[in-house]
Amino acid sequence: MLTLTSASSALTLFPECKTQRRRYAISAAADDKFPSFLPKQMEEIKDPFARKLATRIERLPVNVSFSEKSIMSSCVKPLIQSNQNPVVLLHGFDSSCLEWRYTFPLLEEAGLETWAIDILGWGFSNLERIKSCDIASKREHFYQLWKSYIKRPMTLVGPSLGAAVAVDFAVNHPEAVENLVLIDASVYAEGTGNLAKLPRAAAYAGVSILKSFPLRLYIIFLAFKGVSFDTCLDWVNIGKLHCLYPWWEDATVSFMISGGYNVSRQIDQVKQKTLIIWGEDDQIVSNKLAVVSNSNFCSIQASEYYHNRLHCELPNSIILQVPDCGHFPHVEKPDSAARLILEFIQNYSCQKKAQLAPTEEVVY
């Protein structure tokens, strides 16, 4: 396994990073104008990066077979068009594109054509008339969005459960995915397990707990290291914004009783070049693996077993570890996450050009 030895080294690729981020933060409070479809509680968010990215969220009409009308689908579109294929950022379970508030601007500053997409059922899309948010619906919705707007093979980035979304999509629509980046990938869970068998009333009760403030605060403390209490409170409020829509419970229950993502058997079918990024101190996936495997591993050993297993099962992958980092490197260590993604894309592009370059004929 390769380890990123210094997070500060990321700044070599972003020499203006600290200055840019300072200007970004100063301007955020001055001219924020949020889309009218965002919950009004967005005004209460303090994080300047979340506020700035929220001003760029828009809804695009996406036609799908399971809805008579287009789904107004939320995303952040790129400001620039690049000769390289685009980078498309997914988010984790029950989250939104605001998860990328720190890393998204760094990828754009590096010249990448970058999208942040809300997965059907989460984020800020209008789901008022949508009855199904199962895996097939999520996949079809994403494919139709890609086919209508992105239109080119992409570098697809999936963190946590978003990695399962990315694996499922890459296997089912390989023409749409040039390569993959999986961040602290949750890809060995057996879907939603016994939750899929709950009576609908019990499922709704469970979902109401899912959006509770204490549970989300606990997850923040578990996922991140050394974050102040005030920051944790703000991050919980950011993570709960999409839960304020009236259709959120229906969409989440639909996902839960459908069985969720179970992609462990698809992993060896992934043919795309894949970068696996792992936070060294991940306490979410590693702890779950230790319980599921009934092993005596400590959490770090379990984490190493988990992502080394993923590395071995992905036929065309490399793995890089971010030190002193938990489950969300793109939130906790955005400079490191952006650098690793950028270097992966640059190296892949160079290798591709070298393969396509004509060989010189040797004359004897």
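The values are calculated or read from the model by the stated rules, or taken from the named source; none is laboratory data. Remember, predicted model here, so these are calculated numbers, not experimental data. Don't worry about glycine lacking a Cβ; one is built from the backbone with ideal geometry, like all the others, and counts go over all protein chains shown. With ligands, DNA and RNA removed, areas are computed over all heavy atoms of the protein, side chains included. Shrake-Rupley method; radii C 1.70, N 1.55, O 1.52, S 1.80 Å.
Here is how the numbers come out for the structure above:
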item: Links that overshoot a 30 Å alpha carbon limit, given the list Lys77/Lys333; Lys131/Lys225; Lys138/Lys197; Lys138/Lys240; result: Lys131/Lys225
item: Estimated inter-spin distance, Asp32 and Tyr149, nm [label 7 Å along Cα→Cβ]; result: 2.2
item: The stretch 40-353: C-alpha gyration tensor shape, a/c 1.5 cut-off, then a/b vs b/c; result: rounded
item: Accessible area (Å², 1.4 Å probe, nearest 10) - Lys69; result: 120
item: Contour excess over end-to-end distance, with Cα ends at Lys131 and Val227 and 0.36 nm allotted per residue; result: 30.7 nm
item: Förster radius 30 Å - calculated FRET efficiency between Ala354 and Ser82 (Cβ-Cβ, nearest 0.05); result: 0.90
item: Shape of the stretch 27-116, Cα gyration tensor, a/c cut at 1.5; result: oblate
item: Area of Ser228 that stays accessible when all protein chains are in place (1.4 Å probe, Å², to 10); result: 60
item: Positive dipole terminus of the stretch 40-353, leading residue within Gln346, Val285, Ala116 (C-beta point charges); result: Ala116
item: Proximal lysines to Lys352, defined as alpha-carbon separation beneath 23 angstrom and excluding residues fewer than eight positions away on the same chain; result: Lys151, Lys271, Lys273
item: Share of carbon and sulfur in the accessible heavy-atom surface of the stretch 40-353 [1.4 Å probe, %]; result: 52
item: Accessible solvent surface per residue of the stretch 40-353, calculated while the other protein chains remain in place, 1.4 angstrom probe, Å²; result: 40
